[in-house]
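Below is one structure, written out as C-alpha cells, with a few remarks after it.
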Amino acid sequence: EFAMSKSIAEQRQYLPIYSVRDELLQVIRENQVVVVVGETGSGKTTQLTQYLHEDGYTINGVVGCTQPRRVAAMSVAKRVSEEMETELGDKVGYAIRFEDVTGPNTIIKYMTDGVLLRETLKDADLDKYRVIVMDEAHERSLNTDVLFGILKKVVAQRRDFKLIVTSATLNAQKFSNFFGSVPIFHIPGRTFPVNILYSKTPCEDYVEAAVKQAMTIHITSSPGDILIFMTGQDEIEAACYALAERIEQLISSTRKGVPKLLILPIYSQLPADLQAKIFQKAEDGARKCIVATNIAETSLTVDGIFYVIDTGYGKMKVYNPKMGMDALQVFPVSRAAADQRAGRAGRTGPGTCYRLYTESAYLNEMLPAPVPEIQRTNLGNVVLLLKSLKIENLLDFDFMDPPPQENILNSMYQLWVLGALNNVGGLTDIGWKMVEFPLDPPLAKMLLMGEQLECLDEVLTIVSMLSVPSVFFRPKDRAEESDAAREKFFVPESDHLTLLNVYRQWKANQYRGDWCNDHFLHVKGLKKAREVRSQLLDILKTLKIPLTSCGFDWDIVRKAICSAYFHNAARLKGVGEYVNCRNGMPCHLHPSSALYGLGYTPEYVVYHELILTTKEYMQCVTAVEPQWLAELGPMFFSVKESDTTLLEHKRKQKEEKTAMEEEME
Ligand code: ADP
Ligand code: MG
C-alpha cells in the first residue's frame, strides 16, 4: 500500500537514512574514509549513492558501489534508476561478470566486488571513481576482503578519493581500525520487536516443516507477508511446489473461499524478471510468501514481511581438503545471520520469527559470526591477481584477516600444476595471459591450451557453456521426454563435447528460440553463453590470439580439456565408479552424463566439478588418455601410488624426455 500510495520522493524521505542525510554528508566531506552502520532497509544501498551525487561528487568522477551478490547489484541499480527517473544503463548502471549495463553517461555504477577487483588490474588507482561505497562489507566475501587491502592503498595515493564502507553492526569497529580508526557513522534504526519462537525438538525435514508452518500462518494468522529462508534452488523449488499443492488441496477440500497466497521464489540463478516479482505488491489483498536463500538476509529488503520462517541452514562455499577443491555445502548459519533473518519480520510492524531449530542449538551449536570466505575457499584467482599486481609474497599483503598459509600454498600448488606459476612462484607467460580472463584458472588454462592445440573455436564454446547455468531444461512432469531430448545431443566420450554439440546445433538452427523449446533447452542460458563467448572472443582479439578450429577432430579438444583438470582426473574402479588419481577420493558418474549407461567405461576421465548429494557425483565428465595426463601434467604432479598405469606413463614420458635431451646435447 505504501509503495502504491506514496510517490517515490515521499518513499525516499521516509527512510531512516533521510533523517541524518546532512550530517552524514558532512562527515564524508571531512573524512576520507567513513564506516556507515545501519539496519537492513535503512536506505544505505539505494540512498547513499544518490546523496553523494546530489552533493556534487559525480561532477568529476563516478560514484561506484560494490555488492557481494550479482542479484543485489542488478536489482538495486534498477531501483535507483527508477528513483532518479533515468533509463537503466544511462546515468545509473550496473556491471556484473559478463554483463555491463553502463554507458558514457553513467555516474552511479553498481557492480559486484569481483568486477571492481578486476578493474584494479587495468587501473590500479581507480582514477575514474571519485567515491567507492563498499557495500555489505560485513559479508566478508573473498573479493571484498581483497579489495580492502587494495583500496587502502588507493586511499593513501589519492587525496581526492573517498571510501565509504557500509556494514551491519557486526565488524564495524574492525573496519574502522583497519583504515586507522576512521569515524563510524550510525544510522538510527526504526525497527519493531520480533517475537522469536523455537522448535521444541530438532526437526528432521526442514523443507516439510517450513511448508507446514507457512500454511498454518496463512490460514490462522492476521495479514502480513511471509519470508522463508532455505539453502538453495532445489529446496526452494520443492517448497514452492509443495505450497502450491497444499493450497490446491485446501481449495478442493473446503467449500469456503481460501485466502490467496502468492508464492515467490528468489535465488541467484533465477531470471531477473522473476526476481523482480518479490517487490511487487500482491493483488487484491493476497498474502505474499517469499521463499529465499540467504540473499534476503541483508542484500535485498522487502517491505511488508511480518512472519519469518528460518530453517537455520545456508549454503557456503568451503574448501574441502579431502576433495582438493571448493564445494558448496550446507551448514547451520551463524547466530549473527539468524538474528538478521529474524529482523526481516520487524521492518513494517511487530513480527514473529519461527526458528525451525531448538534454542539450545542456537545458543550452543551455532557460531557467533560466519567465517570469512577468504579463510575457507580456494584462492587460485586471488593469487593470480595479486601476483599480477606485483605482490611477490602474498603473506605480506595487507589482509584484514590473513588466509591460513596452507590455503595460499594449496592454491599456489594448483596454479603451478596448471603451468601458471614457475618453480619460484612467479607468473609464467601462461599465467600472465590467464589473468586477462575473468574465469577460474582451469577454464582460462583450457582456452590457452585451445590456442596451442589449434582448437580454440571449439574450446571457446565449451568454456562459455560452462560459464552459464545448465542449459538443459528438465520439467518434473516431462522428465522422460526431456531426458530423451538431451540424449540426442550426447557425444559418448564427453559431456564437454556434448555441450559443444548443443551449441553448434543451436547455431545451425539460426539461434532460434522455438528450436530450443522443442529440444528442452533454456534459450536464455544459451543466449547468455553466446554473449559470454563474444566477450571472451574480444579478449582473445586484444591478446592477438587467432581463432583456430580443428573441425570435427574432437580428440584434440578432449586433450585441451584434459589440460585444465589434472586435479580432477579420476581412474575407473567399478561400474560407474571412479577414484580421484591424486587422493583416492571416490567419485561417481551421474546418470545424466553422456558416459553413463552407454556400455562405454573409459579408464581415465576428468571432471569439471564434484557435487555432493547422496554421493559424490562428477559433474561434466570427459574421457581422457592416460598419456595425455602424463604428457601435459608437470613431471612431479602427485599421483596415488596404486595408480600404476599412470605412473608407468609418467616414467616412460620422463625417459623419452631424457633421451631427447641427451640427443640434443
Ligand atoms: P539498506 O541497504 O540499508 O538495507 P536499501 O537501500 O536496500 O536499504 O533499501 C531501502 C528501501 O528501498 C527498502 O524499503 C526497500 O524495500 C526499498 N527497495 C530496495 N530495492 C527495491 C526494489 N528493487 N524495488 C522496490 N523497492 C526497493
Ligand atoms: Mg543494502
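The number of residues in region 329-362 that are closer than 27 Å to residue 221 by Cβ and either among the hydrophobic types (A, V, I, L, M, F, W, C) or surrounded by fewer than 16 Cβ atoms within 10 Å (Cβ to Cβ) (or both) comes to 12. Within region 596-605, not a single residue is surrounded by fewer than 18 Cβ atoms within 10 Å (Cβ to Cβ), free of Cβ contacts under 8 Å to residues at least 24 places away in the same chain and of a type in the set (Val, Ile, Thr). Could you list, in sequence order, all residues of region 515-539 that are small (Gly, Ala, Ser) and touching an Asp or Glu at 6+ places or on another chain (Cβ under 9 Å)? If the condition is that a residue be small (Gly, Ala, Ser) and touching an Asp or Glu at 6+ places or on another chain (Cβ under 9 Å), then no residue fits. Determine, yes or no, whether residue 231 is crowded, with 19+ Cβ neighbours inside 10 Å and within 16 Å of ligand 2 (Cβ to nearest atom). Spelling it out, it is not the case that residue 231 is crowded, with 19+ Cβ neighbours inside 10 Å and within 16 Å of ligand 2 (Cβ to nearest atom). If you go through region 145-176 and keep only what is in a loop (DSSP other than H, G, I, E, B), surrounded by fewer than 20 Cβ atoms within 10 Å (Cβ to Cβ) and more than 16 Å from ligand 2 (Cβ to nearest atom), you end up with 158, 159, 160. Put simply, of 493, 436, 454 the only residue that is more than 23 Å from residue 513 (Cα to Cα), in contact (Cβ under 8 Å) with a residue 12 or more places away in the chain and touching a strand residue (DSSP E or B) at 6+ places or on another chain (Cβ under 8 Å) is 493.
Are there any strands (runs of 3 or more DSSP E) wholly within region 301-384 with 2 or more residues that are away from ligand 1 (no atom under 16 Å from the Cβ) and modelled with pLDDT of 95 or more, and if so which? Break it down stepwise before answering.
Values: elements: 305-310, 313-320, 325-332, 351-355.
Here the list reads 305-310, 351-355.
The residues of region 389-401 that are surrounded by fewer than 17 Cβ atoms within 10 Å (Cβ to Cβ) and either of a type in the set (Val, Ile, Thr) or under 23 Å from the mean Cα position of the chain (by Cα) (or both), listed by number, are 391, 401.
Evaluation of residue 365 against the conditions (1) charged (D, E, K, R); (2) touching a helix residue (DSSP H, G or I) at 6+ places or on another chain (Cβ under 7 Å); (3) over 30 Å from residue 441 (Cβ atoms) shows that the sole unmet condition is (2).
Among the residues of region 188-198, are any over 19 Å from residue 341 (Cβ atoms) and among the polar types (S, T, N, Q)? Walk me through it before giving the result.
Quick first cut of region 188-198, residues over 19 Å from residue 341 (Cβ atoms) only: 188.
Next, from what is left, pick out any that are among the polar types (S, T, N, Q): none.
No - not one qualifying residue is present in region 188-198.
Here 64, 38 are screened, and the one residue that is modelled with pLDDT of 95 or more, among the small types (Gly, Ala, Ser), within 16 Å of ligand 2 (Cβ to nearest atom) and under 29 Å from the mean Cα position of the chain (by Cα) is 64. Residues in region 283-300 that are more than 16 Å from ligand 1 (Cβ to nearest atom), part of a helix (DSSP H, G or I) and not acidic (Asp, Glu): 285 only.
Is it the case that region 33-50 has a residue that's free of Cβ contacts under 8 Å to residues at least 40 places away in the same chain, in a helix (DSSP H, G or I) and among the charged types (D, E, K, R)? The answer is no, given that none of the residues of region 33-50 is free of Cβ contacts under 8 Å to residues at least 40 places away in the same chain, in a helix (DSSP H, G or I) and among the charged types (D, E, K, R). Consider region 112-139 and keep the residues that are touching a residue at least 60 places away in the same chain (Cβ under 8 Å) and among the basic types (Lys, Arg). The one that is nearest to ligand 2 (Cβ to nearest atom) is 130.
Collect the residues in region 478-513 that are more than 28 Å from residue 562 (Cβ to Cβ) and touching a helix residue (DSSP H, G or I) at 6+ places or on another chain (Cβ under 9 Å), keeping them in residue-number order. Give the derivation first.
Just the residues of region 478-513 that are more than 28 Å from residue 562 (Cβ to Cβ), to begin with: 478-482, 484-485, 509-513.
Hits for region 478-513 are 485, 509, 511, 512, 513.
Scanning region 410-424 for residues that are surrounded by fewer than 22 Cβ atoms within 10 Å (Cβ to Cβ) and not in a loop (DSSP other than H, G, I, E, B) returns 410, 412, 413, 414, 416, 417.
Closer than 15 Å to residue 548 by Cα, at pLDDT 95 or above and surrounded by 22 or more Cβ atoms within 10 Å (Cβ to Cβ), is that true of residue 446? It is true that residue 446 is closer than 15 Å to residue 548 by Cα, at pLDDT 95 or above and surrounded by 22 or more Cβ atoms within 10 Å (Cβ to Cβ).
Selection within region 488-524: residues that are more than 17 Å from residue 621 (Cα to Cα) and of a type in the set (Asp, Glu). The member of this set that is surrounded by the fewest Cβ atoms within 10 Å (Cβ to Cβ) is 514.
Only residues that are in contact (Cβ under 8 Å) with a residue 40 or more places away in the chain and either small (Gly, Ala, Ser) or within 9 Å of ligand 1 (Cβ to nearest atom) (or both) were counted in region 51-72, giving 3. Could you go through region 94-116 and let me know if any residue there is away from ligand 1 (no atom under 16 Å from the Cβ), touching an Asp or Glu at 6+ places or on another chain (Cβ under 7 Å), of a type in the set (D, E, K, R) and modelled with pLDDT of 95 or more. No, every residue in region 94-116 fails to be away from ligand 1 (no atom under 16 Å from the Cβ), touching an Asp or Glu at 6+ places or on another chain (Cβ under 7 Å), of a type in the set (D, E, K, R) and modelled with pLDDT of 95 or more. Among the residues of region 608-665, just one is buried (at least 16 other Cβ atoms within 10 Å of the Cβ), without any contact (Cβ under 8 Å) to a residue 60 or more places away in the chain and among the small types (Gly, Ala, Ser), namely 630.
Exactly one residue out of 221, 253 is within 29 Å of residue 349 (Cα to Cα) and not hydrophobic (A, V, I, L, M, F, W, C): that is 221.
Residues to consider are 463, 468; find the one that is under 30 Å from residue 567 (Cα atoms), part of a loop (DSSP other than H, G, I, E, B) and of a type in the set (Val, Ile, Thr). Before the answer, list the steps.
Values: 463 fails: part of a loop (DSSP other than H, G, I, E, B).
Answer to the selection: 468.
The values are calculated or read from the model by the stated rules, or taken from the named source; none is laboratory data. Note that the structure is predicted; figures quoted are calculated from it, not measured. Glycine also receives a Cβ, built like all others from the backbone with ideal geometry; neighbour counts cover every protein chain displayed.
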